[in-house]
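Here the structure comes first, spelled out in structure tokens, and everything after it is commentary.
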Amino acid sequence: MDNALNRKLNFALKTSNLILKKISFIDTFKGRWNIIENKENRYLKELRKVATIESVGSSTRIEGVKLTDKEIERIIEDVKIDKLKTRDEQEVVGYWEALDLVIDNFENIGITENYIKQFHGILLKYSDKDANHKGRYKQLSNKVVATYPDGTQKTIFNTTEPLWVDKEMSELISWVNATFEEEEIHPLITIAVFVYEFLSIHPFQDGNGRLSRLLTTLLLLQQNYLFVQYVSFEKVIEDSKKEYYKALMEGQKDRDADKEQLDNWVLYFLDCMTILIQRLENKYEVFKNAGSYLSDRQKIIKELIIRNQPIKISDLMKFLPDVSRNTLKKDLAYLRNENVVEAIGKNKGTLYLMKNEKQE
């Protein structure tokens, strides 16, 4: 595989210079952001929360889920596993759990077939329809079909036949680990190639697109691009879905031929990283200027406390009957941590009121 991949990366001089320019911009930002993260983390928790919701929403919507980010936020903030009735809800919670695992444990996760299969199992953990193949390579041929916003569909490419999946996945994983260790190819190019090859192999019967985006985040975090957890890579892909498929098809049309080239895909991948950085810079400034981030529900709770303080959690439950007690407790804990409200008393008798506005 080494020689084949090197051939695919044999870019023209103009393309190589453009790639180097984009990588330089990304790596410069990476250095600046790592300083920010080490010195100041007041807003990072909320940035990650927003990014997680956007990532779950975008990655699953690319594959056909119809839920909005607001609906997804409600689901993952008050998960009731036994009530995941629809396939959309099952896929959302599966992706959320897998993404959370990646972000919290990326330093301890190896790039191995076993880990990849485990993540596939987590993605489809709650999906009844996928129970017979989750965590296992495909047994039937599959092909990638893109569904565009207007409903039209187009075959992007035919994928590796099941007979060859074990061999090609083993070779790909060996290549990516060796390439990271040897450091002769820039890690961003290595990651872009891995994602392209993974999608071309399409090793699982279903869930390959979602898993490829999850693995993208994992690899970027492992290569110290830590800022990707605070802004949604999946959202960038969803917003450029047409270009995403086009870049894949540009390489795939010559799959396994000597003229197969990954220049358009690598450029697309680096453009996504650039857009990601621009969005993160904008979001970070908004958070800094606005102070504490409050969700719509937390804003409502704040207003209820202002109008009715001091107020108990049982009172809030009457005003917000559709919100569980556990969710209200989490929101109140966040409002306390951000010095928006304070609490007097303990347990069920706890009273909440605005900070510095104790009742006489």
From the option list Ile103, Ile109, Ile62, Ile75, single residue qualifying as farther than 24 Å from Tyr245 by Cβ, of a type in the set (A, V, I, L, M, F, W, C) and within 16 Å of the chain's Cα centre (by Cα) is Ile103
Looking at Lys283, is it under 20 Å from Thr60 (Cα atoms) and either assigned by TED's automatic domain parsing to the domain that holds Glu54 or touching a residue at least 24 places away in the same chain (Cβ under 8 Å) (or both)? no
Could you say whether any residue in segment 144-164 is out of contact with any Phe, Trp or Tyr (no Cβ under 6 Å at 6 or more places or on another chain), aliphatic (A, V, I, L, M) and at pLDDT 95 or above? yes
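Going by what's in this entry, would Arg61 be described as of a type in the set (Lys, Arg), in a helix (DSSP H, G or I), more than 30 Å from Glu285 (Cα to Cα) and in contact (Cβ under 8 Å) with a residue 60 or more places away in the chain?
No.
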Give all pairs with beta carbons closer than 8 Å in which a residue from segment 242-253 that is at negative phi and crowded, with 17+ Cβ neighbours inside 10 Å meets a residue that is in a helix (DSSP H, G or I) and of a type in the set (D, E, K, R); count only pairs at least 6 apart in sequence or on separate chains. Gly251/Lys8
Kindly evaluate Asp322 against the criterion of being at pLDDT 90 or above and either part of a helix (DSSP H, G or I) or over 30 Å from Thr216 (Cβ atoms) (or both). no
Quick check, is Phe180 farther than 14 Å from Ile62 by Cα, assigned by TED's automatic domain parsing to the domain that holds Ala257 and among the aromatic types (Phe, Trp, Tyr)? yes
Name the single residue, out of those in segment 22-39 being over 16 Å from Val231 (Cα atoms) and either in contact with a Leu (Cβ under 9 Å, 6 or more places away or on another chain) or among the hydrophobic types (A, V, I, L, M, F, W, C) (or both), that is surrounded by the fewest Cβ atoms within 10 Å (Cβ to Cβ). Ile35
If I filter segment 222-243 for residues that are over 18 Å from the mean Cα position of the chain (by Cα) and assigned by TED's automatic domain parsing to the domain that holds Val50, do I get at least one hit? yes
Any residue at all in segment 225-234 that is touching a Phe, Trp or Tyr at 6+ places or on another chain (Cβ under 6 Å) and of a type in the set (Val, Ile, Thr)? no
Out of segment 314-358, which residues are of a type in the set (Ser, Thr, Tyr) and within 28 Å of Lys70 (Cα to Cα)? Ser314, Ser324, Thr327, Tyr334, Tyr352
Can you name the residue in segment 63-75 that is among the β-branched types (Val, Ile, Thr) and buried (at least 19 other Cβ atoms within 10 Å of the Cβ) and, of all such residues, is farthest from Asp206 (Cα to Cα)? Ile75
Got at least one residue in segment 140-150 being in a helix (DSSP H, G or I) and in the same structural domain as Leu220 (by TED's automatic domain parsing)? no
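Residues that are modelled with pLDDT of 95 or more and under 14 Å from Leu211 (Cα atoms): list the helices (runs of 4 or more DSSP H) wholly contained in segment 67-132 that include at least 2 such residues.
Of the helices (runs of 4 or more DSSP H) lying wholly inside segment 67-132, those with at least 2 residues that are modelled with pLDDT of 95 or more and under 14 Å from Leu211 (Cα atoms) span 87-105, 113-123.
The values are calculated or read from the model by the stated rules, or taken from the named source; none is laboratory data. From a predicted model like this one, the values you see are computed outputs, not experimental measurements. Every residue, glycine as well, gets a Cβ built from its backbone with ideal geometry; the counts of neighbours run over all protein chains shown.
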